[in-house]
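The values are calculated or read from the model by the stated rules, or taken from the named source; none is laboratory data. Small disclaimer: the values here were computed from a predicted structure and weren't measured. Quick reminder, even Gly has a Cβ in these numbers, built from the backbone with ideal geometry, and neighbours come from all protein chains shown. The accessibility values were calculated without ligands, DNA or RNA, using every heavy atom of the protein model including side chains. Shrake-Rupley method; radii C 1.70, N 1.55, O 1.52, S 1.80 Å.
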Amino acid sequence: MEMEGRRREVVVSSLQFTCSDDISSNVASAERLVREAHAKGANIVLIQELFEGYYFCQAQREDYFQRAKPYKDHPTIARMQKLAKELGVVIPVSFFEEANTAHYNSIAIIDADGTDLGIYRKSHIPDGPGYQEKFYFNPGDTGFKVFQTKFAKIGVAICWDQWFPEAARAMVLQGAEVLFYPTAIGSEPQDQGLDSRDHWRRVMQGHAGANVVPLVASNRIGKEIIETEHGPSQITFYGNSFIAGPTGEIVAEADDKTEAVLVAQFDLEKIKSKRQSWGVFRDRRPDLYKVLLTMDGNL
């Protein structure tokens, strides 16, 4: 018997804005844009990575560890819990976590009633000019997770994680219906001619298409200058936040300079049927994928 009329709509949103290096003004900007997204009908709203301040990982500075705070009673998470409950929206909240002697690039998932559903800690930690995250962050120990929110089962990973197809596949295998990636990426201080924007976007479009799920990416904009031991370092963040549909198609996108609130609506039941019928999960061969558990491809 064919089922007709079964729909489960969700409206997702990606925010994009310039950060100052003042926590209160950045959190206020995030709240203002979450409210704008809600006014546009959004159910799940993604804020960019480490939005409380400048992307400090351009430098290796001991004093920047003071920016980390414990997960428990974190003031920005608490404020976003209050906001989520007021508006009835889901908000993933990126923060620099201090956990005793460890430090993580983490994200707390706040459900639409203000409940904290738990955290994910960034698994892949980059280390290169301008993006020296290994100085600050331990590799995440949570594994890839899926969170059952009021509106959808969501998978949330962070920035450098977005380059790894294994992470996206792991989340969808656990039931993620939408993937979310908060990000801080822009120019390369060592090579002003290098622009990764299109590559960055195409890789994530591939995750959406390969797993037949929508995908939401949020990136910051603006120029940020950090004093390093070698003098000032500068990154111009390229924004281009976007929302992709389940075949990897771009359904909403921002430019490289303008504050933005993107929204897109998806029918999760329709996409589920497409995912089931397309066969990419039916025809998987995990018995042949053991090579993925190695570093050099040798079993």
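From the convex hull of the Cα coordinates of segment 216-257, what is the mean projected area in square nanometres?
Averaged projected hull area, Cα only: 3.5 nm².
Would you kindly derive the ³J(HN,Hα) couplings of segment 185-200 from the backbone phi angles with the Karplus curve 6.51 cos²θ - 1.76 cosθ + 1.60 (θ = phi - 60°), listing them in order in whole Hz, with x for Gly and Pro?
8, x, 5, 9, x, 7, 8, 5, x, 8, 10, 8, 3, 5, 4, 3
Could you calculate the FRET efficiency of residue 150 with residue 223 from 1/(1 + (r/R0)^6), where r is the beta carbon distance between them and R0 is 30 Å, rounded to 0.05? Spell out each step's value before the answer.
Numbers: r = 38 Å, r/R0 = 1.25.
Once the sixth-power term is evaluated, E becomes 0.20.
Please grab the % of Cα pairs in segment 197-299 that end up more than 23 Å from each other.
50
Antiparallel versus total DSSP beta bridges in the chain: what percent is that, nearest 5?
On the way: 42 of 57 bridges.
In the chain, DSSP labels about 75 percent of beta bridges as antiparallel.
Quick one: what are the phi-derived ³J(HN,Hα) couplings along segment 220-232, Karplus 6.51/-1.76/1.60 with θ = phi - 60°, whole Hz, x for glycine and proline?
7, 10, x, 9, 10, 10, 10, 6, 10, 5, 10, x, x
Compute the long axis of helix 23-39 from its Cα atoms, compare it with the longest principal axis of the Cα atoms of the chain, and write down the angle in degrees, 0 to 90, nearest 10.
Value to nearest ten degrees: 20.
For 153, 290, 270, write out the residues from largest to smallest accessible area, computed with a 1.4 angstrom probe and no ligands counted.
Sorted descending by solvent-accessible area, the residues read 270, 290, 153.
By its C-alpha gyration tensor, with a ≥ b ≥ c as the square roots of the eigenvalues, how is segment 1-100 shaped: rounded for a/c under 1.5, else prolate for a/b larger than b/c, else oblate?
prolate
Could you give the C-alpha radius of gyration of segment 119-230 expressed as a fraction of 2.2 N^0.38 Å, taking N as the number of residues it contains?
Rg over 2.2 N^0.38 Å, computed on Cα atoms: 1.14.
Could you tell me which of the pairs 223/257; 153/290; 82/122; 122/145 are separated by over 18 angstrom between their Cα atoms in the structure shown?
Violating the 18 Å Cα-Cα cut-off are 153/290; 82/122.
So, with a 1.4 angstrom probe, what is the percent of accessible area on the chain that is carbon and sulfur?
So the carbon and sulfur contribution to the accessible surface is 51 percent.
Just to make sure I understand: if all protein chains stay in place, what is the order of 200, 163, 278 by accessible area at 1.4 Å, largest first?
Result, largest first: 278, 163, 200.
From largest accessible area down, sort 38, 199; use a 1.4 Å probe on the protein chains.
Sorted by accessible area, descending: 199, 38.
Of the listed values [x] 0.93; [y] 1.09; [z] 0.98, grab the one calculated as Cα Rg over 2.2 N^0.38 Å from the structure here.
[z]
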